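What follows is a short report on a single structure.
None of the figures in this text is laboratory data; all of them are computed from the coordinates on show. From a predicted model like this one, the values you see are computed outputs, not experimental measurements. For neighbour counting, all protein chains shown are included, and Cβ atoms are generated from backbone atoms with ideal geometry for every residue, glycine included.
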Amino acid sequence: MDSTYSMEERFQLRIDKEEKIEARDWMPDAYRKTLIRQVSQHAHSEIVGMLPESNWITRAPSIKRKLALLAKVQDEGGHGLYLYSATETLGINRDELIEQLHTGKAKYSSIFNYPTLSWADIGAIGWLVDGAAIMNQVALCRTSYGPYARAMVRICKEESFHQRQGYDILLTMCKGSEAQKEMVQDAVNRWWWPSLMMFGPNDDASPNSAQSLKWKIKRLSNDELRQRFVDATVPQAEILGISLPDPLLKYNEKRGQYDFGPIDWDEFFQVVAGNGPCNKERLAARVKAHEEGAWVREASVAYAEKQKNRLLSDVAVA
Ligand code: FAQ
C-alpha cells in the first residue's frame, strides 16, 4: 500500500473495500470508542430486555407457551453474553461494562422501560420489539467490525424465531374471544410508538449516524430502518385484523411506502434520560441480580484457579 496514505486513510480504504476489521487490527480511537458504546448498549439491552418478559413466565397460559417464553428469555441472555464478549475484544472488561450500566452511565434500549400489563404484551413484544430489533440486526450482520458482525448472524437466527412466536401468540388471541382481541389491540396500541422509537432519533437529529455510516458500523440510517419496519409490519397487522394507533398511517402510492405520523420525541428523550415508566425498577432488578449472583462469580473464579494450579502441578511432576 502507498505509504503516503495516513493510518486513518488506509483504515477507511479497508472499510470501503468491505474488509472486516478484526480485534488486533489498527483502528482509530474514535472507531473503537463508538463500537464500545454501541455494542455494549446493545448487550445491556438484551440483558435488561429479559426483565419485561420474564415477568410473565409464571403466568404463561399453557405449558407450550411457557416453554417457548423460557427459551426466548434465555436466548436474550445468550445474546447479551455474545455481545459483551464482542465488546471485550475492543479492550474493555466486563466488570467495567456492568458498572457503566448499573451507574446509569451506559444506555440501553428505551423500549425496555415500558411495563408488560397483559399476556398480549408478550405477543406484542415478540412481534413488534423483536421485529424492530431484527430489522436493525439483519443490517448489522454486515457491520464492519468482525466480532460484532459474526455475533449478529447467530442472534438474527434466534430473533426471527422470537418474532414468529410473538406473532403466533397474537394470531391465536385474535382468533379467540372478543375480550382476547381487545387485549391484543390494547397491547399493540401501547407498544407501537415505543417500537418506532427503538430505531433512535430522526436522521437529522442523530449525532452519531454520519460517522457510523461512513465507518460502516451502521449500514442503514435510523429513518431508513424505521421505514422498512413500518412497511413490513402494516400488512401483518391487517392479517391480525387489528388497527395500528396512527391516524396518519397511509400507503403512499408515489413513494411505494407507508407515510406515518410524527413520533413523540419528548417521550423518547424522557425515557432515555431515566424517566420512563419502569427505568428505576429495571435498573434495581439488574443490580439486585448482580449482587445476588456474586457467589457464582466467586465460585467460578475459585474453580478456575484450582484447575490452573492442578495443571501447573501436573506439568511440574511431568
Ligand atoms: N434507546 O446518534 P444516535 C433487542 C441514543 S436489542 C436508548 O442515532 P446511534 C433485542 C444513542 O445511544 C435492542 N437510547 O445513536 C430484544 C445516542 O446516545 P449516546 C437494542 C437510544 O448509536 C428484543 C443518542 O440516542 N438494539 O431489542 C436509542 O448511532 C426483545 C443519539 O442517537 C441495539 O442496540 C434507544 N432506542 O444509533 C431483547 C442495536 N436510540 O450513546 C429482549 C444496535 C438512540 O451518544 C426482548 N444499536 N439512542 O449517548 C444501534 O443500531 C444504534 O446504537 C441505534 C442508535 C440505532 C440504537
Within the chain: Cβ-based charge dipole about Cα centre, in debye rounded to nearest 20 (Lys, Arg +1; Asp, Glu -1):
700 debye
Per residue Cα convex hull volume for region 14-148, in cubic angstrom?
114 Å³
Taking the chain as a Gaussian network, Cα atoms linked when under 10 Å apart, which of 237, 304, 273 shows the biggest mean-square fluctuation?
304
GNM flexibility winner over the chain from 210, 299, 30 (Cα, springs under 10 Å):
299
Hull surface over four for the Cα convex hull of region 1-47, reported in nm², is 4.0 nm²
Which of these, 216, 250, 181, has the largest mean-square fluctuation under a Gaussian network model of the chain (Cα springs below 10 Å)?
250
How large is ³J(HN,Hα), in whole Hz, for each residue of region 296-309 in order, when computed from phi with the Karplus curve 6.51 cos²θ - 1.76 cosθ + 1.60 and θ = phi - 60°, using x for Gly and Pro?
5, 5, 4, 5, 6, 5, 4, 5, 5, 5, 4, 4, 5, 5
Residue (of 303, 287, 313) at the positive-pole extreme of the chain, dipole from beta-carbon charges
313
Measuring from the lowest to the highest alpha carbon on each principal axis, how far does the chain reach, largest first, in angstroms?
74, 53, 33
Not counting the cut sites, what is the longest span of the chain without GluC sites (Glu not before Pro) that DSSP labels loop and that have at most 12 other Cβ atoms within 10 Å?
23-252
Using a cut-off of 17 Å between alpha-carbon atoms, which lysines can reach residue 280, once sequence neighbours fewer than 8 places away in the same chain are excluded?
105, 107, 288
Tell me which of 194, 79, 236 sits at the most positive position along the dipole axis of the chain, charges placed on C-beta atoms (Lys, Arg +1; Asp, Glu -1).
79
Compute the Kirkwood hydrodynamic radius of region 89-197, taking the inverse of the mean of 1/r over all pairs of distinct Cα atoms, and give it in Å to one decimal.
15.7 Å
Using the charge dipole of region 5-69 (Lys, Arg: +1 at Cβ; Asp, Glu: -1 at Cβ; taken about the Cα centre), state which of 5, 47, 21 has its Cα farthest towards the positive end.
47
